[in-house]
1. Any idea how many residues of region 66-79 are in contact (Cβ under 8 Å) with a residue 40 or more places away in the chain and surrounded by 15 or more Cβ atoms within 10 Å (Cβ to Cβ)?
2. All but one of (1) out of contact with any Asp or Glu (no Cβ under 8 Å at 6 or more places or on another chain); (2) among the acidic types (D, E); (3) surrounded by 14 or more Cβ atoms within 10 Å (Cβ to Cβ) hold for D36, so report the exception by its number.
3. Which of the strands (runs of 3 or more DSSP E) found entirely inside region 1-58 contain at least 3 residues meeting this: aliphatic (A, V, I, L, M) and closer than 15 Å to M88 by Cβ?
4. For region 41-51, indicate whether the set of residues that are within 18 Å of E15 (Cα to Cα), touching a residue at least 60 places away in the same chain (Cβ under 8 Å) and within 13 Å of the chain's Cα centre (by Cα) is non-empty.
5. Looking at region 59-84 only, could you name the residues that are farther than 16 Å from I16 by Cα and not in a strand (DSSP E or B)?
6. Which members of region 18-39 meet the condition of being within 12 Å of the chain's Cα centre (by Cα) and touching a residue at least 40 places away in the same chain (Cβ under 8 Å)?
7. Which number in (1) touching a Phe, Trp or Tyr at 6+ places or on another chain (Cβ under 7 Å); (2) farther than 18 Å from F2 by Cβ; (3) surrounded by 14 or more Cβ atoms within 10 Å (Cβ to Cβ) marks the one condition that Q50 misses?
8. Mind counting the residues in region 19-49 that are farther than 17 Å from T74 by Cβ and either of a type outside the set (G, A, S) or modelled with pLDDT under 95 (or both)?
Amino acid sequence: MFDSERYLTRGVQNEIPFELQLFMWSLIDILPEPKDYLQVFRLSVCDDVQHIIHEQENPEYHREYKIKTSNPVTAKVYVIDGGDHSTMLLSEEY
């Protein structure tokens, strides 16, 4: 899973800094198998630090990260594996 073409929606391109996009893709890449087709990222800002919660339902997975970034954002991001491609989108674009 998540090893085919990768796409971003316009919302992700406009609202999520490129470095955070790459970081989220890398978190999926290092996730142990099996991976759920739906990956959820909850982004928030705490004391000017980017806080990221990465979750999946089946099998259950939950991990939290805090990273320094020049432009922290608050958003909920889904990454969906469709078999022949994967798409990163904002939750409101679902």
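The values are calculated or read from the model by the stated rules, or taken from the named source; none is laboratory data. Because the structure is a prediction, the values reported are computed rather than measured. Cβ atoms come from the backbone with ideal geometry, glycine included; neighbour counts cover every protein chain shown.
1. Taking region 66-79 and keeping what is in contact (Cβ under 8 Å) with a residue 40 or more places away in the chain, we get 67, 69-71, 73, 75, 77-79.
Filter once more, so that each one left must be surrounded by 15 or more Cβ atoms within 10 Å (Cβ to Cβ): 69, 75, 77-79.
Number of matching residues: 5.
2. The one condition D36 does not meet is (1).
3. Values: elements: 5-8, 38-46, 49-56.
The strands (runs of 3 or more DSSP E) meeting that bar are 38-46.
4. So far as region 41-51 goes, no, none of its residues is within 18 Å of E15 (Cα to Cα), touching a residue at least 60 places away in the same chain (Cβ under 8 Å) and within 13 Å of the chain's Cα centre (by Cα).
5. P59, E60, G82, G83, D84
6. E19, L20, Q21, F23, M24, W25, I28, L38, Q39
7. Among (1) touching a Phe, Trp or Tyr at 6+ places or on another chain (Cβ under 7 Å); (2) farther than 18 Å from F2 by Cβ; (3) surrounded by 14 or more Cβ atoms within 10 Å (Cβ to Cβ), Q50 violates only (1).
8. As a first pass, look at region 19-49 and keep what is farther than 17 Å from T74 by Cβ: 22, 25-39.
Those still in the list that are either of a type outside the set (G, A, S) or modelled with pLDDT under 95 (or both) too: 22, 25, 27-39.
Adding up the residues that qualify gives 15.
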